[in-house]
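Right, one structure below, let's go through it.
The values are calculated or read from the model by the stated rules, or taken from the named source; none is laboratory data. Quantities reported herein were computed from a predicted structural model and do not represent experimental measurements. As a convention, Cβ positions derive from the backbone with ideal geometry for all residues, glycine included, and neighbour counts pool all protein chains shown.
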Amino acid sequence: MQNALSVDVEDWFQVGAFERTIRRADWDGLTHRVECNSDAVLDLFATAGVKATFFTLGWVAERYPALMRRIADAGHEVASHGYDHARVFTFTPEEFRADLRKSRAILEDASGQAVTGYRAPSFSIDPRTPWAHGILAEEGYRYSSSVAPIRHDHYGWPDSPRFAWKPVKDSPLVELPVTTAKWGKRTLAAGGGGFFRLLPYGFSRWAIRQVNDQAGRPAIIYFHPWEIDPDQPRVPDAPLRSKFRHYSNLSVMAAKLRRLTSDFDWTRIDALVEAEAARAS
Ligand SMILES: [Zn+2]
């Protein structure tokens, strides 16, 4: 069973947890670590023989086009994470369309690769944005991996399907939700990010095995380049809970990823799209 591994390429200061502490206008003046951290991810994947999908901010690709070329040249998929991490429910439909077009043009120019996949910042496609998938379909995207079918304090669409579904009538667009696990009647977040970093590795291994063996479906897992960087600058005046989530276990993340890449087979999301679309609800 091949699973899909994805990297949401954004810098340490672009995360939702710090949006009230660090102003968008100050980003260019901060220490950027996204390029060296993404190169470390590329090294880890090369050693493990893994191909993956890199959902990249247009803002990052604009500043680091050579990085985008290295990602594409290593055989990975370049996909869109929007321009500057504005969440979809903060846009009007036309602003969302403009954000998609702007970021895609930058990503394609920088990487030389066609962009067919999209992941909403902070999984921000939910019942507040009933128009979002329709616009992705109109803009020619093949898939979206933008919905977390869970209940969480910052995001989630708990009633949406756990596996591939077709959100737009008469369109081939397929939504590939981030992985969840079942514990009795409860649906648990198991797609990566903070959950993968904060919880023991055995939880993620159990969840992926459950998805593969019981549901017969691929897992869709994600993490961020800053999660393998224990030396990133600290944000002292961020909320305590945000700091706990952001800074815990950074030093063990690379080792956990090495276990993950050796315990399971991984590929790019676009390599799984046709098979998942054929099974979509
Ligand atoms: Zn993100």
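Data overview
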quantity: Of residues in the range 15-26 being within 17 Å of GLY192 (Cβ to Cβ) and either within 15 Å of the chain's Cα centre (by Cα) or more than 11 Å from the ligand (Cβ to nearest atom) (or both), the one surrounded by the most Cβ atoms within 10 Å (Cβ to Cβ); calculated: VAL15
quantity: Selection status of ALA79, on the phi < 0 side of the Ramachandran plot and under 14 Å from the mean Cα position of the chain (by Cα); calculated: yes
quantity: Evaluation of ASP109 against (1) part of a helix (DSSP H, G or I); (2) closer than 24 Å to SER251 by Cα; (3) at pLDDT 95 or above (one fails), failing number; calculated: (2)
quantity: Complete set of residues in the range 65-86 that are assigned to a loop (DSSP other than H, G, I, E, B), within 16 Å of the ligand (Cβ to nearest atom) and either within 15 Å of GLU35 (Cβ to Cβ) or without any contact (Cβ under 8 Å) to a residue 60 or more places away in the chain (or both); calculated: GLY82, TYR83, ALA86
quantity: Count - residues of the range 73-95 that are surrounded by 17 or more Cβ atoms within 10 Å (Cβ to Cβ) and farther than 18 Å from ARG24 by Cα; calculated: 5
quantity: Matching residues in the range 234-243 - criterion: being exposed (fewer than 13 other Cβ atoms within 10 Å of the Cβ) and of a type outside the set (A, V, I, L, M); calculated: ARG234, PRO236, ASP237, ARG241
quantity: The lone exception for ARG234 - which of (1) outside any helix (DSSP H, G or I); (2) within 19 Å of GLN14 (Cβ to Cβ); (3) within 20 Å of the chain's Cα centre (by Cα) it fails; calculated: (3)
quantity: Only one of TRP59, TRP12 that is part of a loop (DSSP other than H, G, I, E, B), under 25 Å from PRO233 (Cα atoms), at pLDDT 95 or above and within 16 Å of the ligand (Cβ to nearest atom); calculated: TRP12
quantity: Selection status of VAL115, in a helix (DSSP H, G or I), touching a strand residue (DSSP E or B) at 6+ places or on another chain (Cβ under 9 Å) and modelled with pLDDT of 95 or more; calculated: no
quantity: Identity of the residue in the range 116-131, more than 11 Å from TRP157 (Cβ to Cβ) and in contact (Cβ under 8 Å) with a residue 40 or more places away in the chain, that ends up farthest from the ligand (Cβ to nearest atom); calculated: THR116
quantity: Sole exception among (1) hydrophobic (A, V, I, L, M, F, W, C); (2) away from the ligand (no atom under 16 Å from the Cβ); (3) more than 24 Å from TYR143 (Cβ to Cβ) for PHE45, by number; calculated: (3)
quantity: Among the candidates SER171, SER103, SER146, residue that is in a loop (DSSP other than H, G, I, E, B), among the polar types (S, T, N, Q) and within 16 Å of the ligand (Cβ to nearest atom); calculated: SER146
quantity: Residue within the range 153-160 that is touching a residue at least 24 places away in the same chain (Cβ under 8 Å), in contact with a helix residue (DSSP H, G or I) (Cβ under 6 Å, 6 or more places away or on another chain), farther than 17 Å from LEU5 by Cβ and surrounded by 20 or more Cβ atoms within 10 Å (Cβ to Cβ) present; calculated: yes
